[in-house]
Amino acid sequence: MADAEENLASLSTTNATDKDAAKICVLLNATGNVPIIKKRTWTVDPNKTVSWIQKFIHKYLKLDATEQIFLYVNQTFAPAPDQIIKNLYDCHGTNGKLVLYYCKNQAWG
């Protein structure tokens, strides 16, 4: 877990600072048989991609290289891996957050 946090320094907890003002608040919810991340709310650089978040979750949970992580926006659709977080937030953000659900197998969409 410490390695994932060190390697991915641009993802931080939601303590409001001037540096985090331009970042997007992302709520990560587990679904299915995936381990739960206790710290659910993170701030993310708006220019990061969906695949970057998938890699972060994979490293944070210390999953095997053969295991996959699937992300879903608002329990409805799987965004493209190259989709920019800012675009998703602008279109699907609610209450100041982008809600993403993660799982190890396909669930919706």
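Summary table below
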| read-out | value |
| --- | --- |
| Check: region 26-97 dipole with +1 on Lys, Arg Cβ and -1 on Asp, Glu Cβ, in debye | 320 |
| Given charges at beta-carbon only (K, R positive; D, E negative), |dipole| of region 56-109 in Debye | 160 |
| Under 5 Å, built H, 5+ apart or other chain: amide partners of V26 | W42, T43, V44, L98 |
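Read the figures in this text as sums done on the coordinates, not as results from a lab. Nothing here was measured: the structure is a model prediction, and the numbers come from that model. Every residue, glycine as well, gets a Cβ built from its backbone with ideal geometry; the counts of neighbours run over all protein chains shown.
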